[in-house]
Structure formats: structure tokens, C-alpha cells
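Contents: one structure, followed by commentary.
The values are calculated or read from the model by the stated rules, or taken from the named source; none is laboratory data. Quick caveat: nothing in here was measured; it's all calculated off a predicted structure. We place every Cβ from the backbone using ideal geometry, glycine too, and count neighbours over all the protein chains shown. We work out accessible area using only protein heavy atoms, side chains counted, and drop any ligands, DNA or RNA first. Shrake-Rupley method; radii C 1.70, N 1.55, O 1.52, S 1.80 Å.
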Amino acid sequence: MKRTLGQIFMYVVAAIFLGYHLMPVFSFARGQVAQLLASNKKQQEIADNAICTPADSQYLVLTEASPLQPLYREISYVDPATQPLEGENLITDPSFATRGVSWQKNTFGENNAQFEIVGGYDDAYAARIIMWNRKSGDGKWLSNAVAVKPAERVIVEHWYKSDTYSDVIADITQSDGGHVYIQLGKGEPTNGKWLKLRYEIVIPIHAEQIAVGHALTENGTLDVDNWRLVKTELPQLERGLVSLTFDDGWESIYTNGLPLFSKYNVKTTQYVVSGAIGDKAYLKSDQLKKFAEAGHDIGSHSAQHEDLSTIGEDGVRSSLASSRDVLNDYYGMSVFDFAAPYGRTNARSEALIKSCYRSHRGTDTGYNTAQFDRYNLKVMNVELTTKPEEIAAAVRFAKENKLWLILVYHEVSDQSESAYAANLKDLERTLQILNEEQIPVVTISEGLRETMPQVEAQFTKR
């Protein structure tokens, strides 16, 4: 019995000794948990109280300061689609008066599509596509092909009515006979109403002809009418520019990309999902701050990578405002610009973006001219299969024709299986090309600061 009591005594002494020495560890752990809870609470409070105000979307430029004028003035937003469109219509049967004889019925993939001529926007005729049993592909009416030359600018517009989502496309015939399809934009359900869409196209390298169409990509019905395709003068910027933008906030952009950006003195724009900061495979808060301290732009890519075209108005408004305010008020950033996840928006979310941010970069393909839409900045999407030589050609094209080329990247990794990842060798070769071409590489903020007065001058002189 004495031996048992002695053992108990020793256990008690050992427990006291161990507890005394482990107390700082427990205190530290308890402090870390408390700090994390407080951090999460603060972020949630910022997100819950986030709102958008008219000042959030103002674009201010520095004036030639004098006692008689303010230091900054606002550049008003002008939607290029609202400007008059003058010139010869190069589409031979814009309103389907020949019952679609001049148009090509085009389908691909696994689906059932029916083509009809029906009553149109102006009570004459329109072309209809009905799709069902769709598993892949699309159906579309394609216009007559129009002869074009690289660096020409065309404007295409038309009216449409639909009960589902769709894609507006351009079919580019190249000098070698190959075809390149460019997505100009997206249509959405119109609730029985006719809506007008307009797009600017800078004809790319090696192009010889262009045809345009509106593709039905889901089960449903799409009517199109009153097409116009007009060649106009190319509005050039004062010089060509290139921007490198990265979506999502992957940690690999920091570990693999930042050393290369520093080596070649290139500043990027990082569109970050605020709710993913600190998560596995995503930027940590100190890494985000190092990007900002090194002169890189930080933009918003939503709160939780929501598809803004599918969630309700309250959800869109909350994601836009909370992402911006958390990045600014909690992480200490200066966020003014936005890029929608997946590049997907609709009329409702686009209006809300314009109330929260001064610009929006999408994923629609193209170059930005001196009449660009700052709420639909066009891009070149860089994928794993994109070769540096393709980027080099686009860079030279932007430089020679005084356009703004915006590149869109995601991960920077040799191990990623994503089709949107960039491997280190190709990224470094691209940075070398930018140095060799001696084209200015700017962040989105820098690009807007330089070009917005030029865009304003273009619209005010009309």
C-alpha cells in the first residue's frame, strides 16, 4: 500500500512539474485561438457592414493644380455601346428579308437544333434557333463573311431575344484557311423583350475574313435580328501597353511568380478572392502584403469566387462590397478594380459592379483601343497550351498599333493539372519577350491612369 501511495505522489509531482512547464505552451495556443476568433469576428463585421457608394466608382485624375480648381477631377463613364454607329453595313441580309438564304446554319457537338424564320424585332423577320437534348456544342446562324485586314476595327451590333444563356461570337478565317472563334460577349434571358448588343473588334494577325453570329449554348430558344457590321477608324492610344493580371490569389503566384517579376522588374495586378486568403494553396496575408509593398496592384475577385450571373441581387451586392472592404480595411490594401469569377456577369451584376468599382476586367477576347469600355476590359486568356511566341505576336501587334493588351493568368506551377496554369519556363520567356520588345508593362491602375484621359478625349470630340 505504501508503494502505491508513493507512486501516486510521484505522479502528482510529475503532473505539477509538467503542467508548470507546459503552461506557456497552453497559454500561447489559447492566445492564438483567441486571436484567430477575434480576427474572424473583425473580418465578419467588416463584411456585414460593407456597402457601395457613388464615390466608389468615380474615376479621378490629377489636374494641373491651381488655387482656382480642385486637385482632382472626375472622368465620367461613357458606355461605348451608347454612341452613334455610322458607316456602311457589310452584312448583306441584316434583317433576314431573304428568309436566311444569305446566312449559314451552323451546329456542332451533341445536340438537337432547329432553325426557323419568325417575326422580328421590327415586325418583319428574324432568325430563330431552338435547341433541345443538348449535351455539348452549340447552334448558330452565321453571317456572310466580310473581307478584313489585320488592325482594322469593326463594330458589330444586333438585337436578340432569348429564354436562356448564349454566346456572341466572331468566326475569323485566317490566311492559311484555318478558323479562329472569338467570344465577343454573352447573352442572357431577356424575359420576352428584345435587347441590343454591340461589340468592338480589332482584327487580329493573319485574319482575312470575318463572320459573326449568336450561338445558342443551352436548351432553349434564341431569336436574332437587325445585324450591323461596320468598319471604323481604329482609335489608337498614345502608345502600346501590356498588363499581366492573375486571378484567384494562388500561393504559387507568390512562390514561383514573384521572384520572376522581381528579376525582370515587372509589376502585375493580382485579383484576389478575399475569402480564400490564408486557405491551403492560396496567398497568406503576409504574402499579399509583400505583393503590395513590391508595387503590384491588388484587385478584387469577389468574396468567395461566386458566379455573379447566377446568384441573387443581395448576394452579388454583398460579395462585391465585402470583398473590397475586407481587402482594404482588414488587410490594408487599396482596391478599386474588379474581375468577375469565370468572367461571368449579367445586366444586374454589371450594374452593381459599376456602383462598387472603377473598372471591371472580364474574359472577353480582344485588344483595348482608345475607346475601350472600362467596365469590360478585354483580354488575352493565357492557358497551359499558350506558347510564348503567341504572346510575343500579340505584344508586337499592341505595340505597333498602340493598343492595350491585358494578359490573364491563374496559377504559376509546373505541377498543376489545371488547363489555366502557366509553367515557369513559359512565364519567364514571356517576361523576357516584354523586355526585348521594350513595351511599357503597367498594372491595371497605371494603365487606367494613363489611358482614361485619352478615352475621355475620344468620346468628347465626337
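Observations
- Count of region 298-323 residues, restricted to those that are of a type in the set (D, E, K, R) and under 16 Å from the mean Cα position of the chain (by Cα), is 2.
- Counting residues in region 384-395 that are within 25 Å of TYR59 (Cβ to Cβ) and of a type in the set (Asp, Glu) gives zero.
- Region 295-317 residues that are touching a residue at least 24 places away in the same chain (Cβ under 8 Å) and assigned to a strand (DSSP E or B), paired with ones that are open to solvent by 30 Å² or more (accessible area, probe 1.4 Å) and not charged (D, E, K, R) (beta carbon under 7 Å, 6 or more apart): ILE298/ALA292
- Residue within region 366-377 that is open to solvent by 30 Å² or more (accessible area, probe 1.4 Å), closer than 23 Å to LYS186 by Cα and modelled with pLDDT under 95 present: no
- Qualifying residue in region 87-97 (condition: in contact with a Ser or Thr (Cβ under 7 Å, 6 or more places away or on another chain), among the hydroxyl-bearing types (Ser, Thr, Tyr) and not in a strand (DSSP E or B)): yes
- So LYS193, is it touching a residue at least 24 places away in the same chain (Cβ under 8 Å) and within 26 Å of the chain's Cα centre (by Cα): no
- Leading residue by the ranking (most open to solvent (accessible area, probe 1.4 Å)) among those in region 225-269 that are under 18 Å from VAL455 (Cβ atoms) and among the polar types (S, T, N, Q): GLN236
- Among the residues of region 278-294, the one identified as charged (D, E, K, R), in contact with a helix residue (DSSP H, G or I) (Cβ under 8 Å, 6 or more places away or on another chain) and outside any helix (DSSP H, G or I) is LYS284.
- Single residue of region 95-111 satisfying the filter (surrounded by fewer than 13 Cβ atoms within 10 Å (Cβ to Cβ) and within 34 Å of the chain's Cα centre (by Cα)) that is nearest to ALA145 (Cα to Cα): PHE108
- Screening the candidates VAL180, VAL230 for the property of being β-branched (Val, Ile, Thr), closer than 26 Å to MET131 by Cβ and either under 22 Å from the mean Cα position of the chain (by Cα) or not in a helix (DSSP H, G or I) (or both) yields one hit, VAL180.
- Screening TYR72, TYR20 for residues that are touching a strand residue (DSSP E or B) at 6+ places or on another chain (Cβ under 7 Å) and at pLDDT below 90 leaves exactly one candidate, TYR72.
- Cβ-Cβ under 8 Å pairs, at least 6 apart or on other chains, region 222-242 side at positive phi, far side part of a strand (DSSP E or B): ASN226/HIS158; ASN226/TRP159
- If only residues of region 334-351 that are open to solvent by 20 Å² or more (accessible area, probe 1.4 Å) and in contact (Cβ under 8 Å) with a residue 12 or more places away in the chain are counted, the one that is farthest from ASP167 (Cα to Cα) is SER334.
- Members of region 55-77 found to be assigned to a loop (DSSP other than H, G, I, E, B) and open to solvent by less than 50 Å² (accessible area, probe 1.4 Å), listed by number: TYR59, THR63, ILE75
- For region 423-445, a residue qualifies if it is β-branched (Val, Ile, Thr) and under 21 Å from the mean Cα position of the chain (by Cα), and the qualifying residues are THR430, VAL441, VAL442, THR443, ILE444.
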